[in-house]
Amino acid sequence: MQLGPFELSQQAPLSVVATAGHLSREMNPTVGIAVILTVLQVAHCQMIKDLSACLLGQSLRVDCRYENKTSNPLTYEFSITKDNRKHVIHSTISVSENIYRSRANVTMHKNLVCLYLQSFTTSDEGVYMCELKATNDYTGNQIKNITVIKDKLEKCAGFSLLIQNTSWLLLLLLSLPLLQAVDFVSL
């Protein structure tokens, strides 16, 4: 009995056939799923590297540093867990709670998402969470937590904050010797 191509593909789990310079393949669904999962694990679009918190005057600053391997848009969510309940502070993923909307602000720089919470008090202490997701990253959201207690927070370093967020200043400082050499600047 000779089978047609349709019947053959339903019965053969996985075969690769080379005939006269042509390559024909049929994929077993189990093998296909394994290949897709392997590719997705390698294709992680972003990964949170560090989560830190400090006091900037009367405001809390939470820095969520990440490594981004794509130019796809990034969504974020900052939340706090206190009294065994999650409270969304600022988010592009879900809706922020009313009590934080007027006090919270987020800035995004290259590989850094910063939450600023104004008028930070001991009632704002808890476990802060940064959650990131790149569009079309099917491996899931990246999440990192940090426990924030007001008395244990350090003050944010002003100069290092300026340099890390302002690349032009660093470039200017590095180019001063060159500018002096061509006599544009005399110190």
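The values are calculated or read from the model by the stated rules, or taken from the named source; none is laboratory data. None of the values given here were measured: they were computed from a predicted structure. Here the Cβ is made from the backbone with ideal geometry for all residues, glycine too, and neighbour counts use every protein chain on show. The area values use the complete protein model at the heavy-atom level, side chains included, leaving out ligands, DNA and RNA. Shrake-Rupley method; radii C 1.70, N 1.55, O 1.52, S 1.80 Å.
Looking at the calculated P(r) for region 48-150, what percent of the C-alpha pair distances fall above 21 Å? The proportion of pairs with Cα distances above 21 Å equals 28 percent.
Using the average count of surrounding beta-carbon atoms within 10 Å as a protection proxy, the listed peptides 108-116, 148-156, 59-67 rank, highest first, as 59-67, 108-116, 148-156. Where in region 81-97 does the amide nitrogen come within less than 14 Å of the point 7 Å from the Cα of THR70, taken along Cα to Cβ? None, by backbone N distance to the label point. Exposure check, 1.4 Å probe, all protein chains in place: THR107 carries approximately 40 Å² of accessible surface.
Using a probe of 1.4 angstrom and keeping all protein chains present, the accessible surface of region 105-157 works out to 56 square angstrom per residue.
Counting only lysines at least 8 places from LYS110 when in the same chain, those with an alpha carbon closer than 25 Å to its own are LYS49, LYS69, LYS133, LYS144, LYS155. Using the Cβ-Cβ distance between LEU112 and LEU55 with R0 = 22 Å, the FRET efficiency computed as 1/(1 + (r/R0)^6) comes to roughly 0.75. Between the beta carbons of ASN136 and ASN98, assuming R0 = 35 Å, the FRET efficiency works out to 0.65 to the nearest 0.05.
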